[in-house]
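Enquirer: Pasting a structure below so you can have a look.
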Amino acid sequence: MALLTTDDVLNKKFQPTKFREGYDQDEVDDFLDEVVETLSTLQDENVDLRNKLAEAERRIAELSTGQIPVVEQQAAPFEQQQYNAAVPSQAAAATTEPESATSMLALAQKLHDEYVRSGQEESEQIVAEARVDADRIIKEAEEQHNRVLAQLEQDRSLLERKIEELRNFESEYRSRMRQFLEGILADVSDGRTEATTDI
């Protein structure tokens with residue numbers, strides 16, 4: 001899997017879900033897994049660079065004490081070999097070893113500083129961008145949560161209003177039905193009284 005770049009993090013677009021608002025949780029989780037893998041790789045590279053730095057410092061210490069390995073002596077540049085052949089060995093050792101140690105020390109220090117600075121900058125940038133992206137996703141989720149809660153509250157208010165209207169309608173309906181039935185009973189009672197009087 002290719003490592004993420006800052007553009008990948010900044011330009012990442014998630015697919016909206018079909019049946020509810022928000023992003024596909026699996027897609028967001030997969031993307032965060034990629035971010036974690038990238039950070040893990042950078043940490044491994046950082047450890048590797050620190051190990052190389054320790055090895056370079058060890059070699060510099062050896063050079064500064066005059067303990068040059070045989071392999072390095074054989075790998076000296078052609079011009080340096082000619083110079084060593086022309087000058088007596090003790091004098092050559094006295095003049096070239098400090099220069100070689102100093103140049104190796106400067107080169108190792110420069111490489112170390114560049115690797116560490118580059119690794120730290122890249123690591124900090126990726127972590128910062130991942131945090132910004134995570135904060136944005138959390139903010140969007142909170143906004144969606146608040147929208148859903150507001151919609152549910154609105155729906156609840158509407159339902160409560162409808163329930164209240166139905167209760168009022170039921171009360172009025174019962175009252176009218178009672179009045180209607182009482183009217184019928186009164187009519188029936190009046191009719192019986194008149195029939196009895198006529199008899």
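The values are calculated or read from the model by the stated rules, or taken from the named source; none is laboratory data. Please read these numbers as outputs of a predicted model, since none were measured by experiment. Cβ placement follows ideal geometry from the backbone for every residue including glycine, while neighbour counts extend to all protein chains displayed. The area values use the complete protein model at the heavy-atom level, side chains included, leaving out ligands, DNA and RNA. Shrake-Rupley method; radii C 1.70, N 1.55, O 1.52, S 1.80 Å.
Enquirer: Starting at the first residue of the stretch 111-120, write each ³J(HN,Hα) from the Karplus equation 6.51 cos²θ - 1.76 cosθ + 1.60 with θ = phi - 60°, in whole Hz, x for Gly and Pro.
Expert: Result, rounded to whole Hz: 4, 4, 4, 5, 5, 5, 4, 4, x, 5.
Enquirer: Oh, and also: If the reach is capped at under 17 angstrom between alpha carbons, list the aspartates and glutamates near residue 52, excluding any in the same chain fewer than eight residues apart.
Expert: The qualifying aspartates and glutamates are 44, 62, 113, 114.
Enquirer: Using a Förster distance of 22 Å, how high is the FRET efficiency between residue 17 and residue 139, based on the Cβ-Cβ distance and rounded to 0.05?
Expert: Values: r = 18 Å, r/R0 = 0.82.
Efficiency, rounded to the nearest 0.05: 0.75.
Enquirer: Another question, if that's okay. Mind checking the per residue accessible area of the stretch 98-171 for me, 1.4 Å probe, whole number of Å²?
Expert: Accessible area per residue: 80 Å².
Enquirer: Got a sec? Charge dipole of the stretch 118-197, +1 on Cβ for Lys and Arg, -1 for Asp and Glu; which of 144, 132, 185 is way out at the positive end?
Expert: 185
Enquirer: What are the ³J(HN,Hα) couplings of the stretch 42-48, residue after residue, when phi is run through the Karplus curve with 6.51, -1.76, 1.60 and θ = phi - 60°? Round to Hz, x for glycine and proline.
Expert: So the J values, rounded to whole Hz, are 5, 5, 4, 5, 5, 4, 4.
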